[in-house]
């Protein structure tokens, strides 16, 4: 789901999905197997997530959301292999743009884009039959964001990722028009607001995102809505908020988000490691910092 040139400069801990930990809004159609796959995914049990998704897809081959989640698992497997999920990667912008240090795995790339195309194909089929199918609309948002993340962070084509980011944002805006309680969409709209606000002026001059003003404050507010009320992306909103709070010099709030993630996903070593790093810096950072 989310984004680009300043994806590097923002340090996104990236687009993907999370397990539902709150009641879904009326627009959300929860599927237990997919929720279980998200739980394995967010605990970084990628093999376990694939096993659940393979079984679900065999029984429901026309559900685009399952293919979108499969794409996310492949993407995060590559992120983990490359060390992209470490805070140092996001705090040092040179690591985002240094193409010499990243060598994409060709087999993972093949599997990732295969899952992306399967998601897109089933999205088109579902929307042709039912133009406001929730799973199809949500999967479309997700998969375009994932492609943007792969393009920016793995292939190191930050400017090239903006086209996918724009499509993801348009999908999210359309989803909210059809389902105002689709709070997961606020992850995309919120991060896009923050991203555009951080883009250099000359980039904003040439790149237009529909219904986006480029407000950091609005971006944070939207992410907070998703962190409170989201379904699939509630925890992902907390990941993004932790990153944004660090960028905005608000370590106490970043620490709070990470503490909740560690509680909810005890097997995820990245969340534990990042919480320890922030906590170790807390005494020095606490003075005068909200």
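The values are calculated or read from the model by the stated rules, or taken from the named source; none is laboratory data. Keep in mind the model is a prediction, meaning the values are calculated, not measured. Here the Cβ positions follow ideal geometry from the backbone for every residue, glycine too, while neighbour counts run over all protein chains shown.
What to note about this one:
- Residue 104, sole failed condition from (1) under 24 Å from residue 84 (Cβ atoms); (2) part of a helix (DSSP H, G or I): (2)
Conditions (1) modelled with pLDDT under 95; (2) crowded, with 20+ Cβ neighbours inside 10 Å, marked per residue:
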position	(1), (2)
103	yes, no
107	no, no
115	no, yes
119	no, yes
123	no, yes
136	no, yes
147	yes, yes
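- Considering the range 155-172, and only residues there that are out of contact with any helix residue (DSSP H, G or I) (no Cβ under 7 Å at 6 or more places or on another chain) and under 17 Å from residue 142 (Cβ atoms), the residue that is surrounded by the most Cβ atoms within 10 Å (Cβ to Cβ) turns out to be 166.
- Test: residue 183 is modelled with pLDDT of 85 or more, assigned to a loop (DSSP other than H, G, I, E, B) and either touching a helix residue (DSSP H, G or I) at 6+ places or on another chain (Cβ under 8 Å) or crowded, with 24+ Cβ neighbours inside 10 Å (or both): yes
- Condition check for residue 203: in contact with a helix residue (DSSP H, G or I) (Cβ under 7 Å, 6 or more places away or on another chain), modelled with pLDDT of 85 or more and in a helix (DSSP H, G or I): no
- Selection status of residue 127, assigned to a helix (DSSP H, G or I), without any contact (Cβ under 8 Å) to a residue 24 or more places away in the chain and either out of contact with any strand residue (DSSP E or B) (no Cβ under 9 Å at 6 or more places or on another chain) or surrounded by fewer than 24 Cβ atoms within 10 Å (Cβ to Cβ) (or both): yes
- Scanning the range 210-241 for residues that are surrounded by 20 or more Cβ atoms within 10 Å (Cβ to Cβ), assigned to a helix (DSSP H, G or I) and more than 13 Å from the chain's Cα centre (by Cα) returns 219, 220, 222.
- Qualifying residue in the range 137-151 (condition: within 27 Å of residue 83 (Cα to Cα), outside any helix (DSSP H, G or I) and within 19 Å of the chain's Cα centre (by Cα)): no
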